[in-house]
Amino acid sequence: MIMVSMFSSLGQQDNLLTSCYFKMKIDTSLTMPQLPEALSQTGLQFTVATEEDFDEIMAMSQDIYGGLDYLPTRYSSWLQETNRMVILARKQGKVIALESVCVIDNGETMLVEGLRVAPQERGKGVAGVLLRFCSELVKSRYTDVKVCRLTRDDQLGPKDFQKYRIITKQGILLVRFSAEDLKLRLCELGLGGDFQSSMSTSSTNSLPVRLDQIAIHRLYLATDLMRSVLPNSTIIQDWQPFKPVPSNMAILMKKDIDWMVDDVSNPIVASLCTFPFRVPIGDDWYYLNIDMFGKNLDLARQQFLCHLQKHTATLQGHVMCQIFLDPPLWKPMAEFCLNTLNVELVKEYTEQCVVESDMV
Ligand SMILES: CC(C)(COP(=O)(O)OP(=O)(O)OC[C@H]1O[C@@H](n2cnc3c(N)ncnc32)[C@H](O)[C@@H]1OP(=O)(O)O)[C@@H](O)C(=O)NCCC(=O)NCCS
């Protein structure tokens, strides 16, 4: 029988608790109800991650995603999120794998993120075991969960197609630049002004519109206007697929995102730009992720430029910029990046694939 030591960070549950209390063991001997026998024979222990585990997790995550790991930036906030659990698999006490599960879509979806296995333990089935363990854990705590979703960028094999349905796909355009160089280039192109002040919230000019909270709610929740813009009715924000429902919007509203559309009364292209965050590839390296929805190249390019303009105004250092977009837009957008913006293409076409399986 696997003993699951559950150390709860308690998150926002009680602000009166002291930090010393955070370290207390809460559910010391919580065992999984009806844990499948195969899982209990793996010899792995599973614990909920705490701040103290950070260094050990980073040690096993070296070189992950080619140095572009988002986990260092997200880790602390993940531990605080009430709808999320970060689970570690341990072998003889040592952390060998991590997975985060987050319950979204009004409690109906388990979103899997952050999955990683220590290099020396890969190819032995650890990821599969951890995935199954987390599913059991979520099922035991969130009875409404019906499906599991994850976003992948690797090549899916025949086994994956048996297991998963494809919800949607976006092309991934990854470019690299120096923030200062791009700022100069944008000036040369006549795009150096303060876009923000030149942008209005009316839909009468042709400039993209940056949305405030009220406009976001109106567009995404109160009307059907985004139905034809979003890929399979999915808001993908920095790899996380959300259905446009109020509980998800509450999650999204807590994040630093610029929401943009071309026209609030008849949107054709929409984009979400996640504020830049550091990645461990080197000093002064940032990730800038732009999720773009819609099929019109000119409008997509306009919004891309707006996001770049805003962030190059304040950013210093190197930027890895990922644009997720409708696959047919990838090539012309890549050409625009290379030939007009003079930025470097980091890799050829790859795909972001949102997949789903039933919880069994
Ligand atoms: C991808 C990775 C986690 C696989 O770990 P592993 O222990 O070698 O994988 P396994 O031996 O358990 O075999 C693959 C199992 O994991 C699943 N898997 C493999 N890659 C996966 C991925 N990217 N996302 C989700 N599941 C994945 C497979 O579906 C399979 O599940 P099954 O046992 O139910 O069939 C590991 O190679 C790794 O840490 N890579 C670097 C980080 C990374 O790329 N993470 C993926 C993020 S999407």
Confirm whether R141 is more than 21 Å from the chain's Cα centre (by Cα) and within 16 Å of C102 (Cα to Cα). yes
Within segment 208-242, tally of residues that are farther than 21 Å from I268 by Cβ and of a type in the set (D, E, K, R): 1
Are any residues in segment 220-243 open to solvent by 20 Å² or more (accessible area, probe 1.4 Å), of a type in the set (A, V, I, L, M, F, W, C) and more than 16 Å from G171 (Cβ to Cβ), and if so, which ones? L221, A222, L225
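Conditions (1) in contact with a Leu (Cβ under 7 Å, 6 or more places away or on another chain); (2) more than 16 Å from the ligand (Cβ to nearest atom); (3) modelled with pLDDT under 95, marked per residue:
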| residue | (1), (2), (3) |
| --- | --- |
| Q155 | no, no, yes |
| P158 | no, no, yes |
| I166 | no, no, no |
| L191 | yes, yes, yes |
In segment 136-153, which residues are within 14 Å of the ligand (Cβ to nearest atom), modelled with pLDDT under 95 and farther than 23 Å from W330 by Cβ? E136
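Rundown of residues vs (1) over 15 Å from the mean Cα position of the chain (by Cα); (2) modelled with pLDDT under 95; (3) under 30 Å from L288 (Cβ atoms); (4) within 15 Å of the ligand (Cβ to nearest atom), yes/no style:
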{"position": "T73", "(1), (2), (3), (4)": "no, yes, yes, no"}
{"position": "R84", "(1), (2), (3), (4)": "no, no, yes, no"}
{"position": "G93", "(1), (2), (3), (4)": "yes, yes, no, no"}
{"position": "E99", "(1), (2), (3), (4)": "no, no, yes, yes"}
{"position": "L111", "(1), (2), (3), (4)": "no, no, yes, yes"}
{"position": "G114", "(1), (2), (3), (4)": "no, no, yes, yes"}
{"position": "A118", "(1), (2), (3), (4)": "yes, no, yes, yes"}
{"position": "V129", "(1), (2), (3), (4)": "yes, yes, no, yes"}
Selected residue (criterion: most open to solvent (accessible area, probe 1.4 Å)) from residues of segment 293-317 that are under 21 Å from K169 (Cα atoms) and touching a residue at least 40 places away in the same chain (Cβ under 8 Å): L299
Scan segment 261-282 and tell me whether some residue there is touching a Pro at 6+ places or on another chain (Cβ under 7 Å) and at pLDDT 95 or above. yes
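The values are calculated or read from the model by the stated rules, or taken from the named source; none is laboratory data. Remember, predicted model here, so these are calculated numbers, not experimental data. Because the Cβ atoms are built from the backbone with ideal geometry, glycine has one as well, and the counts that use them run over all protein chains shown. SASA here: full protein model, heavy atoms, side chains in, ligands and nucleic acids out. Shrake-Rupley method; radii C 1.70, N 1.55, O 1.52, S 1.80 Å.
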